[in-house]
Amino acid sequence: MSELRVYLPINDLQPQFAAWLSSPTRARGYPPYEGQNSLIIEVSPALAIHRIADLALKAAPDMEPGLLFTERQFGLLELHSDDMKELESAGKAILAGINAKPGDQLKPKVLYQDIIEDLSDQHAIILNRSRDASILVPGVSLLIFEMAPALFACMAANEAERAAPGAVLNDVQMMGATGRIFMSGTSEEMHQAQAAIIAALASVKGRKG
């Protein structure tokens, strides 16, 4: 039996998040583009994700898989398309195939959040050594956010960028035990992004982990 951990449709991929999701370290299949829609699934055991991929791609063969990855415990799949109906068809096939519904997923849990004002130069330098997206510069306000399951960082990053399009998405970590976002800009932008993340995560229906 497969356990549905995350069932995450994302409408209208924002420019920076789409570019990050298309980076070589993440897009092991077809890269998504700004304005496309995405469906992201996580299940356990990890290898069950291959049955998920089979169900999805046979139901909507014109859809593009961007990421198919297995961790120690969990498997994840990202699918994207210009047409949300294709993703809905794939989603229905997945849920029917594993006898699940969207509400069977885990409800996201916020583990930590903070806004650091006037980032120091030394702090920016050490963070830049490990980031996967844009460079951090001293003097900005830095939003940091951690949640579980990790894949909800994708929704959080996309909605944060939508709320504060002038801000900079510095890093998204969406694999592993927890998900993390690093975003920078003005203090006002960071508070807008923070509020958008909180609202988006609170809107997800699911079971307690």
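Listing for the model above:
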{"quantity": "Options LEU67, LEU77, LEU55, LEU95; residue that is assigned by TED's automatic domain parsing to the domain that holds TYR7, in contact with a helix residue (DSSP H, G or I) (Cβ under 6 Å, 6 or more places away or on another chain) and under 19 Å from MET155 (Cβ atoms)", "calculated": "LEU77"}
{"quantity": "Residue pairs meeting the criteria (Cβ under 6 Å; at least 6 apart or on separate chains; first among the β-branched types (Val, Ile, Thr), in the stretch 98-118; second in a loop (DSSP other than H, G, I, E, B))", "calculated": "ILE98/SER2"}
{"quantity": "Residues being more than 18 Å from LYS107 (Cα to Cα), at pLDDT 95 or above and hydrophobic (A, V, I, L, M, F, W, C) - total across the stretch 137-171", "calculated": "10"}
{"quantity": "Among the residues listed as ASP132, ASP118, ASP104, ASP114, the single one being surrounded by fewer than 17 Cβ atoms within 10 Å (Cβ to Cβ) and at positive phi", "calculated": "ASP118"}
{"quantity": "Members of the stretch 181-191 found to be of a type outside the set (Ser, Thr, Tyr) and either free of Cβ contacts under 8 Å to residues at least 24 places away in the same chain or surrounded by 19 or more Cβ atoms within 10 Å (Cβ to Cβ) (or both), listed by number", "calculated": "ILE181, PHE182, MET183, GLY185, GLU188, GLU189, MET190"}
{"quantity": "Residue in the stretch 42-50 that is modelled with pLDDT of 95 or more and either under 14 Å from the mean Cα position of the chain (by Cα) or under 20 Å from ARG180 (Cα atoms) (or both) present", "calculated": "yes"}
{"quantity": "Set ALA193, ALA200, ALA177: member being closer than 28 Å to ILE49 by Cβ, among the small types (Gly, Ala, Ser) and in a helix (DSSP H, G or I)", "calculated": "ALA200"}
{"quantity": "Filter result for GLY29 (in contact with a strand residue (DSSP E or B) (Cβ under 7 Å, 6 or more places away or on another chain), outside the structural domain of ARG162 (by TED's automatic domain parsing) and either over 14 Å from LEU8 (Cβ atoms) or among the basic types (Lys, Arg) (or both))", "calculated": "yes"}
{"quantity": "Subset of the stretch 162-180 [crowded, with 24+ Cβ neighbours inside 10 Å and over 13 Å from LEU127 (Cβ atoms)]", "calculated": "LEU169, VAL172, MET174, GLY179"}
{"quantity": "Test result for ALA124, over 17 Å from PRO32 (Cβ atoms) and aliphatic (A, V, I, L, M)", "calculated": "yes"}
{"quantity": "Residues being more than 15 Å from ILE41 (Cα to Cα), in a strand (DSSP E or B) and over 10 Å from the mean Cα position of the chain (by Cα) - total across the stretch 146-174", "calculated": "6"}
{"quantity": "Filter result (in contact (Cβ under 8 Å) with a residue 40 or more places away in the chain, of a type outside the set (Lys, Arg) and surrounded by fewer than 16 Cβ atoms within 10 Å (Cβ to Cβ)) within the stretch 45-68", "calculated": "PRO45"}
{"quantity": "Count - residues of the stretch 192-209 that are in contact (Cβ under 8 Å) with a residue 40 or more places away in the chain and either farther than 25 Å from ILE135 by Cα or not assigned by TED's automatic domain parsing to the domain that holds SER141 (or both)", "calculated": "9"}
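The values are calculated or read from the model by the stated rules, or taken from the named source; none is laboratory data. As the structure is a computational prediction, the values presented were derived from the model and not from experiment. Backbone-built Cβ (ideal geometry, glycine too); neighbour counts: all protein chains shown.
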